[in-house]
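Report on the structure given below.
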Amino acid sequence: MNGGDTKPVVAVVLAAGLGTRMKSRLPKVLHEAGGRPLLAWALDAARAAGCARIVVVAGHGAEEVQRRFAAGDVRFVLQERQLGTGHALAQAAPEVEGEATVLVLSGDVPLVRVETLRALLAAAGEGGAAMAVADLDAPASLGRVLATNDGRLAAIVELKDATPEQRAVRTINAGLYALPAPAIFDELARLRPNNAQGELYLTDAVTALAQQNGGVALHRLADPDEALGVNTRVELAQVHRLLVERKLQELMLAGVTVLEPQRTRVDAEVTVGQDTVIHPDVSILGNSVVGAGCTLHQGVWLRDTTLADDITIEPHSVLDGAVVEAGCRVGPFARLRPGTRLGAGARVGNFVEVKASRLGAGAKANHLAYIGDATVGEKANIGAGVVTCNYDGEKKHPTDIGAGAFVGSDTMLVAPVRVGSGATTAAGSVITKDVPDGALAIGRSRQRNLEGWQERRKKKRGGSGEG
Ligand code: UD1
Ligand code: CA
């Protein structure tokens, strides 16, 4: 930076558009890709570029957008009627005082990297202008960029206004600009909707700047994917895949094995430790944290879940809002719901559901159980088919199972109830009263054997012959 006279950089993210081609009730910039709303990606890039201020131009669905991004460092301006990208940027004028560099981003262009924004600012220089362009094989509906002989901007032409020769141009406008204020706002004030869409085009104002001293520098994107905008759900899917691929590459280069990246989804905020192995069809979503040396087998689904080190999650297990300590083994086909915490080395097996419960270190629930609102002590064993009957139709009640307890198969624990440490419940018991430490509780009717019953029955039937 060149001392004290550097002009402040104000990022303006255009996010007011209706996004008609999405055919959605949700504002376009709130559609998710890579596990976050589209707008979050542009905002993060602007933050990382160290902008003095970030302004979002909201319009269509403004309240929803504002609610979702109510973080302290973002200011919102309202574009009440969406009259075009030029009109959108003009709404930000009151947020940009005096001389400044305005870094324009589009809320629907999420692959933009911070390096690109920095390069754009460098290409513009003090008081100058620059825009990002890319050469695409299939430039779709993006604006075509015509260059001067010395490689600066001559004009931007929208596809709908382009001549056949202009349509054949493969250099496109990525929708990212570094523009000098107040000059750009003067040009925006002069815009007229003389085009096929009857809109006030930002691209016309940038073209006007190109005719002034200094012109507009073109910054060519090394990775043309950065220019991809989301206008349809087909493009949403493409962008989502690219964002996930970026994330997976980052993880692989940091020492995580991803066996089939094309069949794996990891969200942006997730962290994964070294030597963890991720099998196909695994999704790791939200704010999940996965430790080192874990194995996530096929079909595992994690959301907002924390795994310590050396944990194995067997196939087709669902973990949502759970915390799992080191060395546990979960699944196959296990379900851990929010508020579950498994102590070190615990084991939760197939068709076991756990909700808002803590299992102590080394505790086991290996088959077919429901554990809700319970505390399970260290090394306790929960047999097959055990249910904590935690709900009486009105309220939830807690179950407390002591350390080393043995809860026999098919025990119904009618909460609130406590099974003491080292206590045992007989298989098939319905436990409605607390069980003292070390006791055996049997809560079932006594078995009666009726000797010779089958013979007697046959004799009774004998008269009526064989059926
Ligand atoms: C725009 C550019 C095009 C460029 C492309 C890059 C114009 C006229 N065209 O086209 O040259 O190749 O982006 O992706 O600028 N928006 C508003 N208010 C409005 C209209 C749009 O805030 O009144 C916002 C949208 O929410 C979106 C962004 O501006 O985030 C771009 O608008 P969009 O309608 O998608 O423009 P494109 O047709 O993609
Ligand atoms: Ca667009």
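What about Ala439, is it open to solvent by less than 90 Å² (accessible area, probe 1.4 Å) and either within 16 Å of Ala369 (Cβ to Cβ) or modelled with pLDDT under 95 (or both)? Answer is no for this residue.
For Leu136, the conditions (1) open to solvent by less than 30 Å² (accessible area, probe 1.4 Å); (2) more than 30 Å from Arg36 (Cα to Cα); (3) within 16 Å of ligand 2 (Cβ to nearest atom) all hold with the exception of (2).
For Arg144, indicate whether it is within 14 Å of ligand 1 (Cβ to nearest atom), touching a residue at least 12 places away in the same chain (Cβ under 8 Å) and of a type in the set (Lys, Arg). Yes; evaluated as a whole, the condition is true for this residue. Taking the criterion of being touching a helix residue (DSSP H, G or I) at 6+ places or on another chain (Cβ under 9 Å) and outside any loop (DSSP other than H, G, I, E, B), the residues of the stretch 258-270 that qualify are Val258, Pro261, Gln262, Thr264, Arg265, Val266. Gln82 meets the conditions (1) within 10 Å of ligand 1 (Cβ to nearest atom); (2) open to solvent by less than 20 Å² (accessible area, probe 1.4 Å) in every case but one. The failed one is (2).
Residues in the stretch 363-403 that are under 21 Å from Val324 (Cα atoms), open to solvent by less than 40 Å² (accessible area, probe 1.4 Å) and part of a loop (DSSP other than H, G, I, E, B): 6 in all.
Taking each residue of the stretch 443-463 that is in a loop (DSSP other than H, G, I, E, B) and looking for partners that are among the charged types (D, E, K, R) with beta-carbon atoms closer than 9 Å, six or more apart or interchain, yields Gly443/Lys433; Leu450/Arg456.
Within the stretch 124-146, can you find the residues that are small (Gly, Ala, Ser), in contact with a strand residue (DSSP E or B) (Cβ under 6 Å, 6 or more places away or on another chain) and closer than 25 Å to Val230 by Cβ?
Let us first name the residues in the stretch 124-146 that are small (Gly, Ala, Ser), namely 124-125, 127-130, 132, 134, 138, 140-141, 143.
Filter once more, keeping what is in contact with a strand residue (DSSP E or B) (Cβ under 6 Å, 6 or more places away or on another chain): 124, 127, 129-130, 132, 134, 143.
Residues satisfying the conditions are Ala130, Ala132, Ala134, Gly143.
Of all residues in the stretch 18-31, those being open to solvent by 40 Å² or more (accessible area, probe 1.4 Å) and either in a loop (DSSP other than H, G, I, E, B) or in contact (Cβ under 8 Å) with a residue 12 or more places away in the chain (or both) number 6. Determine whether Arg167 is more than 25 Å from Gly19 (Cα to Cα), away from ligand 2 (no atom under 16 Å from the Cβ) and of a type outside the set (Ser, Thr, Tyr). No; evaluated as a whole, the condition is false for this residue. Among residues of the stretch 176-203 that are within 11 Å of ligand 1 (Cβ to nearest atom), those with a Cβ under 9 angstrom from a residue that is among the acidic types (Asp, Glu) and not in a loop (DSSP other than H, G, I, E, B), sequence gap 6+ or separate chain, pair up as Leu176/Glu226; Leu191/Asp204; Asn195/Asp161; Asn195/Asp204; Ala196/Asp161; Gln197/Asp161; Tyr201/Asp161. Annotation: of all residues in the stretch 33-65 being part of a loop (DSSP other than H, G, I, E, B) and more than 14 Å from ligand 1 (Cβ to nearest atom), the one that is most open to solvent (accessible area, probe 1.4 Å) is Ala52. Regarding the stretch 261-279, can at least one residue be identified that is closer than 21 Å to Ser141 by Cβ, touching a Gly at 6+ places or on another chain (Cβ under 7 Å) and away from ligand 2 (no atom under 16 Å from the Cβ)? The answer is no; no qualifying residue exists. Within the stretch 208-254, the residues that satisfy the criterion of being open to solvent by 30 Å² or more (accessible area, probe 1.4 Å), charged (D, E, K, R) and more than 19 Å from Val133 (Cα to Cα) are Arg233, Arg241, Glu245, Arg246, Glu250.
Which of the following residues is at pLDDT 95 or above and assigned to a loop (DSSP other than H, G, I, E, B): Leu89, Leu103, Leu14, Leu83?
Numbers: Leu89 fails: assigned to a loop (DSSP other than H, G, I, E, B); Leu103 fails: assigned to a loop (DSSP other than H, G, I, E, B); Leu14 fails: assigned to a loop (DSSP other than H, G, I, E, B).
The conditions single out Leu83.
Would you please name the residue that is nearest to Asp267 (Cα to Cα), looking only at residues in the stretch 221-256 that are of a type outside the set (Gly, Ala, Ser) and in a loop (DSSP other than H, G, I, E, B)? Within the stretch 221-256, the match that is nearest to Asp267 (Cα to Cα) is Val256.
Against the definition (of a type in the set (A, V, I, L, M) and away from ligand 1 (no atom under 14 Å from the Cβ)), how does Ala155 come out, yes or no?
On the way: of a type in the set (A, V, I, L, M): yes; away from ligand 1 (no atom under 14 Å from the Cβ): no.
No, not satisfied.
How many residues are open to solvent by 20 Å² or more (accessible area, probe 1.4 Å) and on the phi < 0 side of the Ramachandran plot when one looks only at the stretch 257-281? Don't jump to the end; show me each part of the working.
Here is the first cut: in the stretch 257-281, the residues open to solvent by 20 Å² or more (accessible area, probe 1.4 Å) are 257, 259-263, 265, 268-269, 271-272, 274-275, 277, 279, 281.
Among the residues that remain, those that are also on the phi < 0 side of the Ramachandran plot are: 257, 259-263, 265, 268-269, 271-272, 274, 277, 279.
Selection size over the stretch 257-281: 14.
Can you confirm whether Arg68 is within 23 Å of Phe185 (Cα to Cα) and either surrounded by 21 or more Cβ atoms within 10 Å (Cβ to Cβ) or under 33 Å from the mean Cα position of the chain (by Cα) (or both)? No, not satisfied.
Working only within the stretch 332-344, note down all residues that are surrounded by fewer than 20 Cβ atoms within 10 Å (Cβ to Cβ) and not in a strand (DSSP E or B). Steps first, answer last, please.
Let us first name the residues in the stretch 332-344 that are surrounded by fewer than 20 Cβ atoms within 10 Å (Cβ to Cβ), namely 332-333, 337-339, 341, 344.
Pro332, Phe333, Arg337, Pro338, Gly339, Ala344, listed by residue number.
The values are calculated or read from the model by the stated rules, or taken from the named source; none is laboratory data. On a predicted model such as this, the values are computed, not experimentally measured, just so you know. In this analysis, Cβ positions are derived from the backbone assuming ideal geometry, glycine residues included, and neighbour counts consider all displayed protein chains. Only protein heavy atoms, including side chains, enter the accessible area calculation; ligands, DNA and RNA are left aside. Shrake-Rupley method; radii C 1.70, N 1.55, O 1.52, S 1.80 Å.
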